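A.B. asks: Below is the structure I would like to discuss, written out as structure tokens.
The values are calculated or read from the model by the stated rules, or taken from the named source; none is laboratory data. In this text the structure is predicted, and so the values were computed from the model without any measurement. Please note: Cβ atoms are built from the backbone with ideal geometry, for glycine as well, and neighbour counts cover all protein chains shown.
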Amino acid sequence: MTDLDELLPAIAAGDAEAFGRWLAAAEPGLRRSLRGFATQVDTEAVLQEGLLRVWQIAPRVTPDGKGNSLLRVAHRIVRNAALDEARRMGNRMESAAEELDPEAITVAEPDPWLRELIEACFEALPPTPKKLLGMRLEASGGVHDKVLARRAKKKLNTFLQAITRAKKLLARCLEGKGVSLEAS
Amino acid sequence: MNDDTLIELASGAFRERDRRTGRIVPSAAWMDLDADGREALFEATGQSRALEAALDPRGLSATARAVLARIQGA
């Protein structure tokens, strides 16, 4: 088992790069843990809010010797953030809360082979979808699609349709190589 | 906007912040989706994050990069 607590001292000391390594491994499992909330809250917003709280609380987390202490704390933080948001929106979330399973939280490992395949399929995209998907990827969640569409001199609908098309083409290319791009 | 474009819009990692509370606010596109659309969005978002992470040299998705940007900009 990968124990992400080896990053905890650096994260607690304010090392954002170490937190980035922790995020790369921890995010997919934390996202999956919100599956039961998908219809009740915007899980992307909840996850980002929860991850910011994890960063803030990390200096106060002490490893308990069982491994992945910060990941388990993060799971509780993200779950509570989802419950808070569901209540704020007037929803009752008992069933979704029961579906969350701390044991289902696993650590994602990088896959250089998959990265090579995706890069090859990305490079093979037609020019416009490739350019627009590239803009979305480069923006890294920091720029609204409305702004990206304006920069690309496209209507928002056209921009979004091109991104969808690019992803479909990418998925088809990957399927041709025997890979299904599931959320890891 | 139809469901496909709403899903594409909400599957991006960009989220606005409430200027008064500082809270990250839900996507307006998410609000406009029905339950089936939100289920489809959850799957599409997971796939997008997996794609972004696989293409990033540090293995970071757009979510992770957005969170790091907020931390480093705070």
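A.B. asks: Does B:A13 satisfy the criteria of being in contact with a helix residue (DSSP H, G or I) (Cβ under 9 Å, 6 or more places away or on another chain), outside any loop (DSSP other than H, G, I, E, B), over 19 Å from A:S180 (Cβ atoms) and not acidic (D, E)? Don't jump to the end; show me each part of the working.
C.D. replies: Values: in contact with a helix residue (DSSP H, G or I) (Cβ under 9 Å, 6 or more places away or on another chain): yes; outside any loop (DSSP other than H, G, I, E, B): no; over 19 Å from A:S180 (Cβ atoms): yes; not acidic (D, E): yes.
So B:A13 does not fit the description; no.
A.B. asks: State yes or no: is B:A62 touching a residue at least 12 places away in the same chain (Cβ under 8 Å), buried (at least 22 other Cβ atoms within 10 Å of the Cβ), more than 7 Å from chain A (Cβ to nearest Cβ) and within 20 Å of A:G142 (Cβ to Cβ)?
C.D. replies: Values: touching a residue at least 12 places away in the same chain (Cβ under 8 Å): yes; buried (at least 22 other Cβ atoms within 10 Å of the Cβ): yes; more than 7 Å from chain A (Cβ to nearest Cβ): no; within 20 Å of A:G142 (Cβ to Cβ): yes.
For B:A62, the condition - touching a residue at least 12 places away in the same chain (Cβ under 8 Å), buried (at least 22 other Cβ atoms within 10 Å of the Cβ), more than 7 Å from chain A (Cβ to nearest Cβ) and within 20 Å of A:G142 (Cβ to Cβ) - is not met.
A.B. asks: Taking helices (runs of 4 or more DSSP H) that fall entirely within the range B:22-74, which contain at least 2 residues that are over 23 Å from A:R53 (Cβ atoms)?
C.D. replies: Values: elements: B:28-32, B:35-55, B:62-73.
Counting at least 2 such residues, we get B:28-32, B:35-55.
Residue-wise test of (1) without any contact (Cβ under 8 Å) to a residue 24 or more places away in the chain; (2) within 8 Å of chain A (Cβ to nearest Cβ).
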{"position": "B:G22", "(1), (2)": "yes, no"}
{"position": "B:A28", "(1), (2)": "yes, no"}
{"position": "B:D32", "(1), (2)": "no, no"}
{"position": "B:T45", "(1), (2)": "no, yes"}
{"position": "B:L68", "(1), (2)": "yes, yes"}
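A.B. asks: Which ones in the range B:4-43 are modelled with pLDDT of 95 or more, aliphatic (A, V, I, L, M) and surrounded by 19 or more Cβ atoms within 10 Å (Cβ to Cβ)?
C.D. replies: Listed by number, the residues that qualify are B:L6, B:I7, B:L9, B:A10, B:A13, B:A29, B:L33, B:L41.
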